[in-house]
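The structure under discussion appears below in the form of C-alpha cells.
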Amino acid sequence: MGFSSSCSLFKHHLIISFIINIAIITISHVNGCFTSIFSFGDSLTDTGNLLQLSLSESKKLSHFDFPPYGRTFFGYPTGRCSDGRLIIDFIAEDFGLPFLPPYFGGENGKPRNLENGVNFAVVGATALDDVFFKERGIHNPFTNVSLGVELGFFKDVLPSLCSSSSDCKEFLKKSLIVMGEIGGNDYNHAFLQGKSTEEILHFVPLVVDTIASAITELIGLGAVTILVPGNLPTGCSPAYLTYFQGSDMADYDPLTGCITRLNQFSEFHNEQLQKKLDQIRKLHRNVNIIYADYYNIALNFYHSPNQFGFTETLRACCGGGGRYNYSSSMACGDPPLTTSCKDPSSHVSWDGLHYTEATYRWISKGVLEELYAIPYTNSLCFPSTVGKQIY
C-alpha cells in the first residue's frame, strides 16, 4: 500500500488566498441557523469530558487539567487541551449557541440542558475500538472510549430530546453534527509507541470505514448536516518532531521544517476519507456532508506564518524544553519545570500536540466559510433571502 502527496503548489496558493481573504471578512453571529450541535471526537474537541470522568471516578487528573491550560480565555483549566477556546467553541459562538457542555458533567454526571447540544468527545479517543489496539500491543494512556462508545452516548441522549422517530428526524434537521476530528489518535498512539508506518497504513481503511459507519448511522437517525474534519499535518507537530528528532535532513520539508513522510500519511488518510464521503453523498443526496480541510488550512500557518500573526511555528508555547519545547516526560501543566510562552497567540502549537486558541480561531474561520457556503445552511440562516451572501 502506498501514499502520495496531494498538495500541489497551485492548490497551496489558492488556499493561502482563501484564508487571507477570510481574515478581513466579518461574519456576524447568526441566531436561528442550527438550534443544536452534537460533537464527537478526541482532544481537539473535548470540552471537559475526560476531566469530569477523572473527577467522578477519583482518578488522577491529567496534566491538561492544570494551569496554564485555559489561561487565555477562561482564566483556568476547563479540560480543553489548549490555552483557550477550541474550533467547536468558535462554531457554537458563531451560530449564537452556548459552548457545548461535556456529556459527563452537571447533576448525576450528565449535563442538565441538552436542547442546544452536547459534546461527546473525549481526550485520547480513537475511531477503532480499544480491543483493536490492545491486540496489537498499543496502549491508550487516556481512555478506552472509541467513536462507537461516543455514538452510544448520543443514542442514550436522544430520547430525552425527542419522543419518536419522526420527532427526532425533525429535531435533527436543525442540528449540526460535528464528526471529529477523529482517527488521529488511532495513528498517534501507534506512531509514538514505535509502530512502523507500513503497519499503521493498514489501519487507515479500517479507521475511515468506522467513521463512515458512524455517519451512516447518524443519517439513519435523522441527521441532515454533518461536518467531517480531516486529519492535521502531524509532521509539523512538536511532539512528532521531538520523537523523530535526528532523522535524515532529507526527511524534512526545507520550507517548513515539517517531516514530509508524516504529512504524506495525513494526506493519505484525508484522501481515503474524502473518497468514502463521496460514496455516502451518492447514497444520501438529501444530506449535507461537509469535509473540513483542517490539513490544508493548517499547512498555511507553516508556509506563511506572518500572514496569520505567528512568529513560532514548530516550537510549542508550553512545554518541558528542548528544541521544540516538548517532552513526553515533562508535559505542559506538569509543575514546576514546564515553561509557558508570554504570548500564546504568536505560537501555532500550544503544548506540542494541540494548537493555541489563535490557531483554532483561524481554522474555525475556514470551516465556517465551508458551512455557510452550502445552500441548506444558507436557507436555514437566511430564510427570507435566497442565496444571500454573508460577506
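Counting only residues that are part of a helix (DSSP H, G or I) and open to solvent by less than 30 Å² (accessible area, probe 1.4 Å), the range 79-103 holds 7 of them.
Scanning the range 116-131 for residues that are closer than 15 Å to G180 by Cα and of a type in the set (S, T, N, Q) yields N119, T126.
Quick check: anything in the range 200-209 aromatic (F, W, Y) and open to solvent by 10 Å² or more (accessible area, probe 1.4 Å)? No: zero hits. Here is a list: S247, S237, S213, S266. Which entry is small (G, A, S) and modelled with pLDDT under 95? The conditions single out S247. Within the range 50-78, restricting attention to residues that are in contact with an Asp or Glu (Cβ under 6 Å, 6 or more places away or on another chain) and within 17 Å of F142 (Cα to Cα), the residue that is surrounded by the fewest Cβ atoms within 10 Å (Cβ to Cβ) is H63.
Matching residues to (1) more than 30 Å from A239 (Cβ to Cβ); (2) over 15 Å from the mean Cα position of the chain (by Cα):
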| position | (1), (2) |
| --- | --- |
| V149 | no, yes |
| F153 | no, yes |
| D156 | yes, yes |
| C162 | yes, yes |
| S165 | yes, yes |
| K173 | yes, yes |
| I177 | no, no |
| I182 | no, no |
| Y187 | no, no |
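The single condition among (1) surrounded by fewer than 22 Cβ atoms within 10 Å (Cβ to Cβ); (2) out of contact with any Lys or Arg (no Cβ under 6 Å at 6 or more places or on another chain); (3) modelled with pLDDT of 95 or more that T45 does not satisfy is (1). Scanning the range 158-181 for residues that are free of Cβ contacts under 8 Å to residues at least 12 places away in the same chain, within 18 Å of N113 (Cβ to Cβ) and outside any loop (DSSP other than H, G, I, E, B) turns up just one, P159. When the range 114-144 is filtered for residues that are of a type outside the set (S, T, N, Q), open to solvent by 10 Å² or more (accessible area, probe 1.4 Å) and closer than 16 Å to N49 by Cα, the ones remaining, listed by number, are L114, P141, F142.
Being of a type in the set (V, I, T), touching a Leu at 6+ places or on another chain (Cβ under 8 Å), more than 20 Å from E135 (Cβ to Cβ) and surrounded by 14 or more Cβ atoms within 10 Å (Cβ to Cβ) is a property that I219 lacks. Selection within the range 321-376: residues that are small (G, A, S) and outside any loop (DSSP other than H, G, I, E, B). The member of this set that is nearest to P68 (Cα to Cα) is S340. Here S349, S345 are screened, and the one residue that is within 22 Å of the chain's Cα centre (by Cα), closer than 23 Å to F308 by Cα, modelled with pLDDT of 95 or more and surrounded by fewer than 22 Cβ atoms within 10 Å (Cβ to Cβ) is S345. With respect to G230, is the statement that it is closer than 25 Å to H269 by Cα and of a type outside the set (F, W, Y) true? Taking the combined requirement at face value, the residue satisfies it. Among the residues of the range 317-327, those identified as open to solvent by 20 Å² or more (accessible area, probe 1.4 Å), more than 21 Å from the chain's Cα centre (by Cα) and touching a residue at least 60 places away in the same chain (Cβ under 8 Å) are G322, R323, S327. Beta carbons closer than 7 Å, at least 6 apart along the sequence or on distinct chains, pair a first residue in the range 273-290 that is touching a residue at least 40 places away in the same chain (Cβ under 8 Å) and over 19 Å from A127 (Cα atoms) with a second that is of a type in the set (F, W, Y) and surrounded by fewer than 17 Cβ atoms within 10 Å (Cβ to Cβ) for N288/Y376. Among helices (runs of 4 or more DSSP H) entirely within the range 227-316, having at least 3 residues that are open to solvent by 30 Å² or more (accessible area, probe 1.4 Å) and within 25 Å of I177 (Cα to Cα) singles out 260-283.
Quick check: anything in the range 253-262 more than 28 Å from A92 (Cα to Cα) and free of Cβ contacts under 8 Å to residues at least 12 places away in the same chain? Yes - at least one qualifying residue is present in the range 253-262.
The values are calculated or read from the model by the stated rules, or taken from the named source; none is laboratory data. Keep in mind that what you see is a predicted model, and the values were worked out from it rather than measured. Using ideal geometry, Cβ is built from the backbone for each residue, glycine included, and neighbour counts are taken over all protein chains shown. Just so you know, the surface numbers come from the protein's heavy atoms only, side chains and all, with ligands and any DNA or RNA stripped out. Shrake-Rupley method; radii C 1.70, N 1.55, O 1.52, S 1.80 Å.
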